[in-house]
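Taking it in order: structure first as structure tokens, then the write-up.
Rule-based calculations on the coordinates, nothing more; no lab input. This one's a predicted model, so the numbers in the text were calculated from it and none came from an experiment. All Cβ positions, glycine included, derive from the backbone under ideal geometry; neighbour counts span all protein chains shown.
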Amino acid sequence: MLTACFALWGVLNNMTDNLVPAFQKIFMTSQSTAGYVQVSFYGAYSVIALFASFLIQKRGYRAGVLAGLGVYCLGALLYVPACITQSFWTYITGIFVVAGGCAVLETTCNPYVLALGDESTAVRRLNFAQMFNPLGSFAGIVLAQQLILAHLNPATEEQRRAMAPETLAGIVHDELFWVCVPYVGLCAIAAAIWFFFLFSKRTEVDKAGGDGTSIRTALAILARSPRWYCGVVAQVFYVGVQIAAWTWMNVYCQKELGVTPAQGASYYLIALSMFIVCRWICTWLMKWFEPAKMMAAFAAGAIAATAGVIYLPTKILFTAGSLPFSANIICLCAMSGFMSLMFPTIYGIGLGGIDPRAHKLGAAGLIMAIVGGALLTPWMASVIGDPQSAWCAILPDSFSREFDVNLRLSQASLRASFAIAGICFAVVLAYAAAFSGKKEKK
């Protein structure tokens, strides 16, 4: 049931990614305004995670799971009044509350998994638990594709603005209704898990509750742990690139291949499938290979794939079903495979070997690093939306600078924005290389 929580926040993470293009269309907003979805969701982690660490420091991990699931349900139910009022900012508030619940769950569940077993296998055990997160993410994409994106009216922004107000309001109501359906439905699942933990037998870790360690003592321990504070930095860049790349993946496919948003979600599913398979394979390989060295190799591969996304031409190599594939699109999907082991491995290395008294507060820092999603997504959006951006100088003139009014970008600005992803992977590579083979000094 603990691993079910990993799947639960995975569903929310990836449905939220698809709300960006959906809300841009429904509310007729710019890329930057629609990006507030990600700012709200991942910004909540920077606010809530620290409070979650105080809770589990005093009351234990089980209380954190119950609190996280409760807040999760409350936020999902806020989507109902948001639909009725057709208010973008009410949705943003609901997204923030949902993310708050996810932040409490992530702050609690990750160190909970580390505590439930031997320290020597902690990183591998966390990778195992995290394998269920992308399964939830996969389900989130399917739900977004079939229930949200598939019910978007095909009318363009120009056509919508020309409609009578009552006609447009009816279309928007129908679209927002289908936004609400999966979120409200998840409340039943979250409630079932909540009752399980409420009435389940407590483990020895739960019985211990808080360990009495003061915040000052925990901070002092963490301040002497470069693997932890460097891990926080690496996690900021990793989460940032994962969320930003997945958020703009659909737009990249639409621009380069001319596919619809629903078809773009299919490439997202392929990328996430690679992410899931690679994470399972990596967890198995960690029985023989050091996690940090594996992460360094995957970070180098991710940098190479990013270069392909930026520079390779869109020349169709083959078609699978109704989906065309080119070398740059293959590289875009491959990025997800290379990202697969990064989050739990950074997390495990960051907390691995340090004094257990600092684990709860240290966990909060590594989860607060998820704010990287709120930082990198709008940064990439600012590059994408500016055809004259200085970032476009890295591309040859063969890539078009013409502004696409419908997608609000140019081919050059969209491709150039992925240079930011390359920088993020370089930070992860540096962290993996710096702490490969090193153990924390007590």
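Only aspartates and glutamates eight or more places from Lys315 in sequence, or on another chain, were considered; those with a Cα closer than 18 Å are Glu256, Asp397. Averaging the Cα positions of each part gives two centres, and for segment 236-251 and segment 369-391 these lie 10 Å apart. For segment 239-246, the Karplus equation 6.51 cos²θ - 1.76 cosθ + 1.60, evaluated at θ = phi - 60°, returns couplings of 4, x, 6, 4, 5, 5, 5, 6 Hz by residue, with Gly and Pro reported as x.
Remark on segment 131-261: hydrodynamic radius 20.1 angstrom, per the Kirkwood mean of 1/r across alpha carbon pairs.
Amide H contacts for Ser326 (H built 1.01 Å from N in the peptide plane; partners 5 or more residues away or on another chain; cut-off under 5 Å): Leu317. Ranked from largest, the principal axis spans of the Cα set of segment 183-326 equal 61, 41, 31 Å. Averaging 1/r over each pair of different alpha-carbon atoms in segment 220-300 and inverting the result gives 15.3 Å, the Kirkwood hydrodynamic radius. Using only the C-alpha atoms, the convex hull of segment 72-115 corresponds to 44 Å³ per residue. Amide H contacts of Leu409 (H built 1.01 Å from N, in plane; Pro and chain starts excluded): Asp404 sit under 5 Å, all sequence-distant by 5 or more or on other chains. Each listed q (0.16, 0.27, 0.29 Å⁻¹) maps to a log10 I(q)/I(0) for segment 213-255 from the Debye sum over equal C-alpha point scatterers, namely -0.58, -0.87, -0.91. Every pair of different Cα atoms in segment 257-324 enters the Kirkwood calculation, which places the hydrodynamic radius at 14.4 Å. Ranking Ala265, Val239, Asn250 by how far each Cα lies toward the positive end of the dipole of segment 239-381 (charges on Cβ) leaves Val239 at the top. The listed peptides 277-287, 310-320, ordered by packing as a protection proxy, come out as 277-287, 310-320 (highest mean of other Cβ atoms within 10 Å first). Evaluated at 10 °C with a viscosity of 1.306 mPa s, what Stokes-Einstein diffusion coefficient in µm²/s does segment 328-442 have when Rh comes from the Kirkwood expression over alpha-carbon pairs? It diffuses with D of about 95 µm²/s by this estimate. Dividing the alpha-carbon radius of gyration of the chain by the rule-of-thumb value 2.2 N^0.38 Å gives 0.96.
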